[in-house]
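J.: Submitted below is the structure of interest, expressed as structure tokens.
The values are calculated or read from the model by the stated rules, or taken from the named source; none is laboratory data. Predicted, not measured: the structure shown is a model, and the values here were computed from it. Neighbour counts are summed over all protein chains in view; Cβ atoms, including those assigned to glycine, are modelled from backbone coordinates with ideal geometry.
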Amino acid sequence: MKFLKFLFVGIFFGIVLVKSEAVSWYRIFEMFKFQSFHMYGIIGSAVILGVLSVWLLKRLKIKTTEGKEVYLPPKDKGIVRYLLGGSIFGLGWALAGACPGPMYILLGTGVFSMLIVIFGAVLGTFVYGILKPRLPH
Amino acid sequence: MELILKPWPWYISGPLITAVMVFLVYFGKNFGMSSNLRTFCSIGGAGKYADFFRFDWKAQRWNLIVVLGAIIGGFIAVQFLSDGSAIELNPETISDLNQLGFQDVGSALLPAEIYDWQNVLSLKGLLILIGAGFLVGFGTRYAGGCTSGHAITGLSNLQLPSLIAVIGFFIGGLIMTHFLLPLIF
């Protein structure tokens with residue numbers, strides 16, 4: 001039962017990303033070509049409202065359903081890992097036209113060849129885990 | 001109902017994505033889809049090979065449920081909530097893609113040139129999909145998050161590392177779109 005709410009959030013997430021066309025390869029291509037406001041509007045409005053929501057959640061000291069204060073773990077300091085890792089991610093994002101959320105959603109829309117991309121992503125994560133001690137962070 | 005069946009405008013979609021993040025934060029969790037890739041590795045026994053995968057993945061089960069939901073959500077959206085209308089792309093985008101050899105641009109969510117089995121089951125097709133996935137998986141863990149963890153959650157929490165990561169997302173995306181895609185296709 002306690003997992004049911006996560007199932008619903010996932011379903012909601014999947015529906016929103018399909019209906020917004022944010023899962024479309026073409027929309028990602030168009031975004032990186034700066035030929036449409038659509039994706040910028042989606043991400044921009046999500047972030048602006050997100051800043052406001054997080055600020056309000058903290059300000060009003062809203063308790064989570066687990067009875068704790070709202071907490072978003074801060075990211076470690078650093079530049080190299082974010083810039084380099086981010087760029088590598090960006091290369092894949094623009095080629096696959098899908099980031100980790102949409103990969104699953106697109107699988108649900110019936111694109112089974114996406115399983116190959118997900119396999120590649122798991123493999124990439126595995127290789128990162130192996131190389132982690134030797135990479136600059 | 002007709003409004004639901006049509007594609008949703010950005011000013012509806014963006015705030016609804018915020019809602020996903022807020023729900024998860026309110027449930028005491030975080031919005032981060034790429035973490036699941038690490039969980040998959042751990043379930044598969046990757047802990048034998050690297051410390052990075054030795055963590056209590058069972059505490060991440062809720063996130064796997066979100067993934068399951070996302071798959072179901074994708075199914076519901078195309079089966080019951082879509083009218084099959086084409087994506088209204090910028091005509092310039094369409095002609096740019098036509099020049100790269102892409103046909104029927106925007107008639108489906110994904111290009112057949114990349115995702116149709118006919119093209120997938122060739123060496124080039126397989127390399128594109130595995131390679132793209134690999135870059136996403138490697139890059140997202142190196143950067144410590146993806147679009148949901150950095151672009152949405154991190155920026156909403158005004159975290160500088162997330163801003164740097166998002167700048168990285170764009171450096172990579174721009175290089176791929178402007179320089180590499182024309183070489184690949």
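J.: With the structure loaded, tell me whether A:S24 is out of contact with any helix residue (DSSP H, G or I) (no Cβ under 8 Å at 6 or more places or on another chain) and either surrounded by 24 or more Cβ atoms within 10 Å (Cβ to Cβ) or of a type in the set (A, V, I, L, M, F, W, C) (or both) or whether it fails that test.
T.: In short, yes.
J.: Let me ask another. In the set A:K2, A:K19, which member is basic (K, R) and more than 7 Å from chain B (Cβ to nearest Cβ)?
T.: Answer to the check: A:K2.
J.: A further question follows. Identify, by number, the condition in (1) in a helix (DSSP H, G or I); (2) at the interface with chain B (Cβ under 7 Å from one of its Cβ atoms); (3) more than 18 Å from the chain's Cα centre (by Cα); (4) not charged (D, E, K, R) that A:L56 doesn't meet.
T.: The one condition A:L56 does not meet is (2).
J.: Please indicate, with yes or no, whether at least one residue in the stretch B:126-144 is closer than 21 Å to A:A22 by Cα and not in a helix (DSSP H, G or I).
T.: Taking every residue of the stretch B:126-144 in turn, none turns out to be closer than 21 Å to A:A22 by Cα and not in a helix (DSSP H, G or I).
J.: Scan the stretch A:72-94 and give yes if some residue there is of a type in the set (D, E), at pLDDT below 95 and more than 13 Å from B:G144 (Cα to Cα), otherwise no.
T.: no
J.: Quick one: A:S45 ticks every box in (1) under 18 Å from B:L158 (Cα atoms); (2) not in a helix (DSSP H, G or I) bar one, so which box is it?
T.: For A:S45, the failing item is (2).
J.: Please go through (1) buried (at least 24 other Cβ atoms within 10 Å of the Cβ); (2) facing chain B (nearest Cβ under 7 Å) for A:P102 and return the number of the only condition it doesn't satisfy.
T.: With respect to (1) buried (at least 24 other Cβ atoms within 10 Å of the Cβ); (2) facing chain B (nearest Cβ under 7 Å), A:P102 is out only on (2).
J.: Looking at A:L91, A:L123, A:L95, A:L72, which is the one that is surrounded by fewer than 23 Cβ atoms within 10 Å (Cβ to Cβ), free of Cβ contacts under 8 Å to residues at least 24 places away in the same chain, facing chain B (nearest Cβ under 7 Å) and within 16 Å of B:L135 (Cα to Cα)?
T.: One residue alone meets the criteria, A:L123.
J.: May I ask you to list the residues in the stretch B:133-185 that are farther than 27 Å from A:V54 by Cα and either surrounded by fewer than 22 Cβ atoms within 10 Å (Cβ to Cβ) or more than 7 Å from chain A (Cβ to nearest Cβ) (or both)?
T.: Within the stretch B:133-185, B:I171, B:L174, B:I175, B:H178, B:F179, B:L180, B:L181, B:P182, B:L183, B:I184, B:F185 qualify.
J.: Which of (1) of a type in the set (A, V, I, L, M); (2) part of a helix (DSSP H, G or I); (3) more than 24 Å from A:V111 (Cα to Cα) does A:V16 not meet, given it meets every other one?
T.: Just one mismatch for A:V16, condition (3).
J.: Only one residue in A:K5, A:K33, A:K68 is over 16 Å from B:G14 (Cβ atoms) and either modelled with pLDDT under 95 or among the small types (G, A, S) (or both), so which one is that?
T.: When all the criteria are applied, what remains is A:K68.
J.: Is it the case that some residue within the stretch B:117-126 is surrounded by 20 or more Cβ atoms within 10 Å (Cβ to Cβ) and in contact with a helix residue (DSSP H, G or I) (Cβ under 7 Å, 6 or more places away or on another chain)?
T.: Looking through the stretch B:117-126, none of the residues is surrounded by 20 or more Cβ atoms within 10 Å (Cβ to Cβ) and in contact with a helix residue (DSSP H, G or I) (Cβ under 7 Å, 6 or more places away or on another chain).
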